[in-house]
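Worksheet: one structure, shown below.
The values are calculated or read from the model by the stated rules, or taken from the named source; none is laboratory data. Keep in mind it's a predicted model, so treat the numbers as computed, not measured. When we count neighbours, we look across all protein chains shown, and the Cβ atoms used for this are built from the backbone with ideal geometry, even at glycine.
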Ligand code: HEM
Ligand SMILES: *[C@@H]1O[C@H](CO)[C@@H](O)[C@H](O)[C@H]1NC(C)=O
Ligand SMILES: *[C@@H]1O[C@H](CO)[C@@H](O)[C@H](O)[C@H]1NC(C)=O
């Protein structure tokens with residue numbers, strides 16, 4: 001998996017302390033209005049995952065980007081040139097078709113009932129679970145936003161991949177010194193340089209958590225400890241005293257125990273993140289198609 005996850009925890013836990021309670025969400029929101037909702041999302045995610053396990057990382061990232069731009073209201077799913085989906089930090093987002101498939105099935109089963117924002121939150125949970133990560137109960141009852149906005153943000157890297165384009169500047173002429181980023185482990189530098197030649201194709205994909213890209217685990221933290229974070233922002237977790245302690249803890253040798261702790265904290269962080277600025281009750285709407293606000 002990628003370096004994605006650690007940063008995720010640190011940032012999300014902090015950012016969401018103000019959230020969570022009193023969000024208006026509840027467990028089992030669809031238990032009478034659409035009792036099969038959870039099972040439909042699960043089987044849809046599973047059938048995509050069986051064809052392409054990298055879809056799990058994409059779904060997690062999609063949910064994260066949704067929540068960090070005006071709340072978890074499905075706005076990241078809206079298409080159009082001025083939409084959030086086209087904003088620079090959102091390029092490379094994938095997995096829209098999984099949400100669209102689940103939505104189509106749910107509209108035939110329970111029309112106008114299940115929000116795109118809830119489908120995405122549940123799909124992200126199922127994606128982590130299918131990657132051997134922790135599972136948790138997703139409180140539901142989100143409604144979809146009617147506005148799409150473009151804005152910055154992102155962070156969760158123990159699964160997933162990135163393009164050479166996003167980190168090649170670290171490999172050859174970092175900050176115009178003529179040499180590589182000194183925080184990169186020497187042997188790893190050689191490996192990255194051969195994966196991403198100086199004038200090679202920028203769209204070549206490299207795992208964010210090299211050696212463990214499709215497993216949700218603590219290998220990401222060991223990589224960061226060893227100077228093997230792919231993104232500069234991930235490697236910087238080792239440069240700061242506070243975040244270094246977190247990395248050391250998760251990367252520690254008492255494997256089972258610390259693995260469990262990471263899973264435990266990740267679960268809590270996800271539940272908090274998934275309730276950031278949600279719309280409930282009579283706010284927002286239930287979109288018919290996830291890529292478009294209702295007419
Ligand atoms: C400030 C924080 C963050 C930054 C700067 C950041 C940056 C990035 C970048 C540059 C990529 C590669 C995109 C590409 O090559 O197309 C990426 C991928 C990814 N990010 Fe983040 N990220 C952040 C936070 C998060 C958080 C909080 C999560 C999860 C909760 C997350 C989950 C992921 C995942 C799963 C991928 C892989 C996606 C895939 O394989 O398609 N990121 N991130
Ligand atoms: C690195 O970049 C700087 C600024 O663009 C340039 O002047 C220098 O020649 C480059 N060095 C190498 C080794 O490419
Ligand atoms: C670089 O990687 C090697 C092999 O994984 C590891 O043994 C070593 O401790 C790393 N070096 C640093 C400075 O982290």
Of (1) outside the structural domain of residue 124 (by TED's automatic domain parsing); (2) away from ligand 1 (no atom under 14 Å from the Cβ), residue 203 fails just (2)
Which condition from (1) away from ligand 3 (no atom under 16 Å from the Cβ); (2) surrounded by 14 or more Cβ atoms within 10 Å (Cβ to Cβ); (3) over 19 Å from the mean Cα position of the chain (by Cα) is the one that residue 165 breaks? (2)
Would you please list the contacts, defined by Cβ atoms under 8 Å and residues six or more apart or on different chains, that run from a residue in the stretch 241-253 that is closer than 17 Å to residue 216 by Cα to a residue that is in a loop (DSSP other than H, G, I, E, B)? 250/218; 251/218
Filter the stretch 187-238 for residues that are surrounded by fewer than 16 Cβ atoms within 10 Å (Cβ to Cβ) and within 13 Å of ligand 3 (Cβ to nearest atom); which is nearest to the chain's Cα centre (by Cα)? 211
Residue set 160, 229, 207; condition away from ligand 2 (no atom under 16 Å from the Cβ) and in contact with a strand residue (DSSP E or B) (Cβ under 6 Å, 6 or more places away or on another chain); output residue 207
